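The values are calculated or read from the model by the stated rules, or taken from the named source; none is laboratory data. All of these numbers come straight from a predicted model, not from anything done at the bench. Neighbour counts run over all protein chains shown; Cβ positions are idealised from the backbone, glycine included.
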Amino acid sequence: MTKISITPVTSKRERKAFIELPFRLYAEDPYWVPPLKGEALGLITPEKNGWFSHAKAQLFLAYRDGRVVGRISAHIDTLALEMPAASGFGPGVGQWGLMDAEGEDVFFALLDRAESWLREQGMTRALGPISMSIWEEPGLLIEGFDQAPTVMMGHHSPVYRAWIEAAGYKPVKQLRTYELDITRMFPPIVQRIIRSGENNPRIVVRKVDKRRFDEEAAIILEILNDAWSDNWGFVPLTPPEIKDVGVKLKPIVFNDLIRIAELDGRPVAFMITLPDLNEAIRPLNGKLLPFGWAKLLLWLRKPRVTTMRVPLMGVRKELQSSRLASQLAFMMIEAIRQASVANYGASRGEIGWILEDNQGMNSIATTIGSRINKVYQIYEDSL
């Protein structure tokens, strides 16, 4: 068989080849959702992704007979290096991700090159796949191949798991998503908890105000970085990242789908829900031209979707061991559930990802009648 060559991505043409490879490899996968090529290119372009303000990455392409047959990223997050080792990251921990390959031999060649680059940078342990920030698309899909991913979630070939494990990598953490029928009322016990909260004058659950986008985003960021700080894999979100994510997500931010809970006038919890943009972009095959932009713009004016995704929810750490934490969560979930059905025609919700050992969030998800629909796995190995 012809030799595989691995080369670093250094040019605009090579970056384009990097984002176009999955379009060929997943062309026959009915559940893969083609990303908008401009968004995919922005992810790997330092000038367009605030994550690069505290991270660096090297992309690689695999060639055989002059044809691109694989890709991978190797990257180092300086904020992750500062985290305690118990958090999953810490000193000496690099990552790899954005991996796709035509065959096992291609994968092994790519992984070897990514690991070599990490060693050259002084790393001693690797986590993967993480594409590329922990806040973007972490983990390899290992369960739930029969459903298309929702917005900002990954989809992978089922053969990759065996390849990664054959390379000596061991599972370190699982991330779960839950689905539920949001047209149905929650169980009576949840309804009683919600009514109790609604009768408590100290509690206010309000919509965000998109006209004050930056101010509301700052409130949510402050709660998020506090609420998630003890979670495995936590790396604080930074203002440059929030700015770029805000530009990317602002078109699908709607006041009634994002709630902030206040206790005695102080913001203490939040919940972000997004209409599943993948339902709108899937038919575009990655292209906004010539007519895709018009179709997407029309959809964005008044989305009608089947699925709503809850990517982020958080309650301040000081309240997390109290009964109030779950009460606030149920109140926000119910308010958004009602808005999702009434205003957007949604019938299905997806919550996640949630760490396998996050007992509080897993309990909330099961209490409202959700079931696990997808599982993603992060692996580790020494370098």
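Residues in the stretch 189-208 that are more than 13 Å from residue 331 (Cβ to Cβ) and exposed (fewer than 13 other Cβ atoms within 10 Å of the Cβ): 189, 201.
For the condition without any contact (Cβ under 8 Å) to a residue 12 or more places away in the chain and surrounded by 15 or more Cβ atoms within 10 Å (Cβ to Cβ), what is the one hit in 18, 60, 52? Residue meeting the stated conditions: 52.
Check whether at least one residue in the stretch 223-237 is over 30 Å from residue 90 (Cβ atoms) and surrounded by 14 or more Cβ atoms within 10 Å (Cβ to Cβ), and report yes or no. Taking every residue of the stretch 223-237 in turn, none turns out to be over 30 Å from residue 90 (Cβ atoms) and surrounded by 14 or more Cβ atoms within 10 Å (Cβ to Cβ). Number of residues in the stretch 300-352 that are hydroxyl-bearing (Ser, Thr, Tyr), modelled with pLDDT under 95 and under 22 Å from the mean Cα position of the chain (by Cα) equals 0.
In summary, strands (runs of 3 or more DSSP E) completely within the stretch 1-114 and bearing 1 or more residues that are under 23 Å from the mean Cα position of the chain (by Cα) occur at 55-64, 67-77, 93-101. For the residues 116, 196, 157, the requirement of being assigned by TED's automatic domain parsing to the domain that holds residue 327, at pLDDT 95 or above and hydroxyl-bearing (Ser, Thr, Tyr) singles out 196. Quick check, is residue 138 in the same structural domain as residue 23 (by TED's automatic domain parsing) and under 16 Å from the mean Cα position of the chain (by Cα)? Considered against the rule, which asks whether it is in the same structural domain as residue 23 (by TED's automatic domain parsing) and under 16 Å from the mean Cα position of the chain (by Cα), residue 138 comes out as yes. The sole residue among 292, 314, 352 that is within 18 Å of residue 276 (Cα to Cα) and either of a type in the set (S, T, N, Q) or crowded, with 19+ Cβ neighbours inside 10 Å (or both) is 352. In this structure, does residue 55 turn out to be small (Gly, Ala, Ser), at pLDDT 95 or above and touching a helix residue (DSSP H, G or I) at 6+ places or on another chain (Cβ under 8 Å)? Answer is yes for this residue.
Of all residues in the stretch 209-222, those that are surrounded by 16 or more Cβ atoms within 10 Å (Cβ to Cβ), in contact (Cβ under 8 Å) with a residue 40 or more places away in the chain and in contact with a helix residue (DSSP H, G or I) (Cβ under 8 Å, 6 or more places away or on another chain) total 1.
Where the second residue is outside any helix (DSSP H, G or I) and the first is surrounded by fewer than 16 Cβ atoms within 10 Å (Cβ to Cβ) and lies in the stretch 248-275, which pairs have Cβ atoms under 6 Å and are six or more apart or on separate chains? The qualifying pairs are 255/207; 255/208; 264/202.
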